[in-house]
Amino acid sequence: MQNNIFYLLPHSKLPLLISILGTEKFEIIGPQSIDGSIVYEKIENVDQLPWGILDYQWPGIYRLENTDINKAFIFTNGPQALKPYLFRAQELLFEVEKKENKNNKKKLNFIPAKEEAPKLAFIGARACDLAAMAIQDKIFLADTHLDIYYRSRRENLFIIAVNCIRSSANCFCASTGDGPKVTKLYDILMTEIEENFVVQVGTDNGKRIIDQLELSHALPEHIKEADEYVEQAGLQQTKKLPDTNLRNLLFSNLNHPRWNDVAKRCLSCTNCTQVCPTCFCHSSLEQAILDGTKSGHYRVWDSCFTCGHSYIHGRVIRDDTRKRYRQWLTHKLGSWYDQFGTSGCVGCGRCITWCPVGIDITEETYAIYDNQNNDKEIIKEIIK
Amino acid sequence: MENPYQIYEAKIIERIKESDDIFTIKILLTDPFVHHEYKFQPGQFNMLYLFGVGEIAISIVSDPKEEQYITHTIRVVGRVSRGFEKLKEGDRIGVRGPFGKGWPLKQAIGKDVLIISGGLGCAPVTSAINYIIERQNLYGPLKILQGIKRSSEFIYHERYDRWEAAANTEVIISVDETDVSWSKSIGLVTEHIKDLQLDVNKTIVMMCGPEIMMKIAADHCIKKNIEEKNIYLSMERNMHCGCGHCGHCQIGGVFVCKNGPVFSYPEIKELLGRPGF
Amino acid sequence: MNSATKPKIAVHKFSSCDGCQLSFLNTGEDLITLSKLVDIVHFAEAGILSPNEKVDIAFIEGSMTTSEEVERIHKIRENSKYLIAIGACATAGGIQALRNFSNSNVEKWKNKIYERPETINSLPTSTPVSAHVNVDLEIWGCPPSSSQIYTTIRCYLSGVTADIPQDALCLHCKRKNIVCVLVAKGLNCMGPVTKTGCGVLCPSKDRECYNCFGPAENINCLSLGKRFQELDLSNEEISRRFLLINNSAPAFKKWGEYFKKMAHKENII
């Protein structure tokens, strides 16, 4: 694709982009300031975008500030972005009708859920969101175990990505290698500069939309300004994960005292897993109507912090918070490599911000890294 | 690949009470074409659906050659299995599957086979045993070890009698605790491994049972110089989807539903029996 | 279904506000459907009276606060195959269990408030049904959710026990894409320690959860309490967050009393 061509989209032409997407029958999802946070919801006009709104994030704290800055994408992120639009929080898989046949036998009629696929244009996906989507693609679009519901929505998704020009205090995508610069999986990529966006296209679909806007090419100074903003965003980041083989680190420290320490603080409330853009665990849910003639089989987001997650034969494998947090971290940063050839963390910082008690994944990992308490060493000590 | 959530109606043809809390159902997919097209490997499992209640993962007991029906043995433990227990012949359920990777019956051709099971672990190995006995010219001698806590837990009497009578087949059924009514072996099933006469270079082991039992059994086999890669275990976890999406059945880096339920020992040994995984 | 094969249901009231019975009644069309599926033999709020009949399911609203009630619950247990406690009073003792914390003061209050205190024959404590008889299922909440009650009946008719979620409210809150009021607004939300089931009523109206559904499974009240301290809540206030509707649920009682003790120590200093 011609992603080496840079266009200049003035702020004033943003409404035209929205109206072209509307003409193309897209439902448009974009960031808005709702209930004290940035939330991605349906938008109809550019005024709904969070103009001038800055987000401040610390462990367990999220605050917005209204400013005069004339930018729509100067915030970093909110609790969710793409995930709920592809992997639904609750999704019908099949319905079942119970009917009596002519011999008075009760028959079951199974009706698979439809692959409903609205054409969705998603404005404002960030590098971390797209890196996370690439991971969820590996889960739900695997050749042998394809999820048709995820696929239909994924195929009907048009992505207008936005490069971050700012990082929050909880962002660490630079250290995971996933951002802040968007490099893949976009139809259109925009970087916001003074009064304008520098725009690149990533697909034929993206080009078709951009061509309708009749944009001029960006000048070298525009491109330079955009690059500097994104580079600056990366430099603002202070958090990072240890630069080591995290899988080996965590699995050779399964008895580290830090797991007990974090269990004292952790609420086991599931928030980290629910805001994580890569977490995919879900459970099944059955809802029968009262008269017993019809039932729906759903999947709903679940979490490794619930007792149901590790329930088997009347017992719970992970019966305390220590085991649950350890499962989460060893999976996210460790066994994820075995499953999908990559880390499960994209450095978005959401689990840090939206943890009600501000547990910091980077801090927990460093605590183990800095004071490695190899299991083998413990065993040796015990033997002594 | 078709939709993993595609589910078909099945009819219960026969219901057999095996013990106080174990029963077997023989089912037939009601659409004859679907039933005809339904193919599985010994060791795979189905997701069985109870109307208005939900699904459970249950291994397939029958032999793939048995074309009239699919057999499942279920222990009453949770709410769904308790609901299944109340079903009668003629009642309808839903079936999704088969899922997972079955027993290494191809790799075992030309080898001696040792089957070790504990408790209801005898169900998932049944299809492998029947498969081997049906095709005995392809395999070496077969040894079957089944351990149970109490004699009242002994199920599949006829099956074990039949296997015992088969040529080239040795059967040991052992109860943990002595019991006056018991005429077969006594002691932990794993203790019997030591005394077995095995051609260790030619033996392939397939086991299913409680994790701690499998860990000890694997240790005994390794002590007898059976190579780790020739030991296979069938694992059990609570599965909600059957296709590696829901995350419930993970043990470290593997999904039991997708990468298993049958694993070679080296694939699973890192976390086998480790509390919390 | 003819009435001979229809399961019999009774709804009994003990010390309570009747709100749980309304959860039973405020279900519109489902109530009509229910009446076709089961035979409701006793339900005072609905005007049906036959308290001593043998039933398949007995729903119990209210806590045990008098010796008469204690006697009555034993009788109901004998008459019921399946006994379900519904609501905060029946599952945890209710708001009236606050008197459990006051030691001997109950007698004093009684004399102060009532003109003829000698006619009041109440126990010194308010206790849940489970403190007296075996309970087959508990449906928590003040009031409990109609859908949980009806799902329970549906499951009974299908031959299985209902699966009442024990997860923290947060799980449900996130599924509904509601912005966390604790993180984004610093509100003293009890969601992380509270059982889900209400449909996330308060946070979806921009308010903090006040734990009317009781303690969730595997909770950490101390850590949440410490977070509230950072949000400038006094120990006295934190204690009150725990000692509210479900004050006598063991986890809330323990940690409510813990923060109360902390507050007390501060006062001494």
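Observations on the model:
- Descending semi-axes in Å of the stretch C:169-268, equivalent ellipsoid built from Cα gyration tensor: 23, 15, 10
- In the structure shown, the pairs A:Lys119/A:Lys294; B:Lys65/B:Lys101; B:Lys11/B:Lys143; A:Lys98/C:Lys13; C:Lys108/C:Lys226; A:Lys25/B:Lys258 are assessed against 28 Å; a Cα-Cα span above that value is assigned to A:Lys119/A:Lys294; B:Lys11/B:Lys143; A:Lys98/C:Lys13; C:Lys108/C:Lys226; A:Lys25/B:Lys258.
- If you take the Cα centroid of the stretch A:337-367 and the Cα centroid of the stretch C:26-73, the two points sit 50 Å apart.
- Electrostatic tally near A:Phe87: other residues with Cβ closer than 10 Å to its Cβ, Lys and Arg +1, Asp and Glu -1, net +3.
- Cα-only Debye scattering, chain C: base-10 log of I(q)/I(0) at q = 0.12, 0.14 Å⁻¹: -0.79, -1.02
- Secondary-structure-derived ellipticity at 222 nm for the protein assembly as shown, considering helices only, amounts to -8500 deg cm²/dmol, per-run term -39500 (n - 2.57) for DSSP H runs with n ≥ 4.
- Aspartates and glutamates with Cα under 17 Å of A:Lys42, excluding same-chain neighbours fewer than 8 positions away: A:Glu24, A:Glu27
- Whole-number Å³ per residue for the convex hull built on Cα positions in the stretch C:8-157: 110
- Average projection area in nm² (convex hull over Cα atoms of chain A, one quarter of hull surface): 24.0
- Under 5 Å from the amide H of A:Phe158 lie the amide H atoms of A:Leu120, A:Ala121, A:Phe122, each residue being 5 or more positions distant or on a separate chain, with H modelled from the backbone and absent for Pro and chain starts.
- Globularity index of the protein assembly as shown, i.e. its alpha-carbon radius of gyration over 2.2 N^0.38 Å: 1.04
- Comparing A:Gln212, A:Gln274, A:Gln287 in a Gaussian network model of chain A, where Cα atoms under 10 Å apart are tied by springs, the biggest mean-square fluctuation is seen for A:Gln287.
- The mean number of partner chain beta-carbon atoms within 10 angstrom of a residue's beta-carbon across peptide B:82-88 is 2.
- A cysteine counts as unpartnered when no other cysteine's C-beta lies under 4.7 Å of its own; in chain B this applies to B:Cys122, B:Cys208, B:Cys221, B:Cys243, B:Cys249, B:Cys257.
- Using alpha-carbon coordinates, inclination of helix B:122-134 to the longest axis of chain B, degrees: 80
- For the peptides C:213-220, A:115-122, residues were scored by their other Cβ atoms within 10 Å and the scores averaged per peptide; the highest-first order is C:213-220, A:115-122.
- Reachable aspartates and glutamates from A:Lys13, criterion Cα separation under 12 angstrom, eight or more residues apart if same chain: A:Glu195, A:Glu214
- Chain C: most fluctuating residue of C:Ile120, C:Ile153, C:Ile40 per GNM, C-alpha cutoff 10 Å: C:Ile120
- Of A:Val199, A:Val262, A:Val316, the one that fluctuates the most in a GNM where chain A has Cα springs shorter than 10 Å: A:Val316
- Rounded to 5, percent antiparallel among DSSP beta bridges of chain C: 20
- Point-to-point label distance, C:Leu231-A:Leu235, nm (Cα→Cβ direction, 7 Å offset): 3.8
- Where labels lie 7 Å past Cα in the beta-carbon direction, separation of C:Thr33 and A:Glu214 in nm: 5.8
- Note on chain B: Rg/Rh from C-alpha atoms, Kirkwood Rh, equals 0.95.
- Cα-based Rg of the stretch B:217-277 normalised by 2.2 N^0.38 Å, two decimals: 1.18
- For C:Lys265, the aspartates and glutamates whose Cα comes closer than 19 Å to its Cα, not counting residues fewer than 8 places off in the same chain, are C:Glu230, C:Asp232, C:Glu236, C:Glu237, C:Glu257.
- Across the cross-link table entries B:Lys86/C:Lys81; C:Lys81/C:Lys174; B:Lys149/B:Lys194, which are compared at the Cα atoms, the separations over 26 Å belong to C:Lys81/C:Lys174.
- In this simple spin-label approximation, A:Asn260 and C:Ile113 carry label points 7 Å from Cα along the Cα→Cβ vector, and these lie 4.7 nm apart.
- Residue-averaged beta-carbon neighbours from other chains (10 angstrom radius) around C:218-224: 6
- The antiparallel fraction among DSSP beta bridges confined to the protein assembly as shown stands at about 60%.
- Dimensionless Rg ratio for the stretch B:110-201, taking C-alpha atoms and the 2.2 N^0.38 Å reference: 1.06
Coordinate-derived values only; no laboratory data. The model shown is predicted, which means the values in this text are computed figures rather than measured ones. Cβ sites come from the backbone with ideal geometry, for glycine too, and all protein chains shown count toward neighbours.
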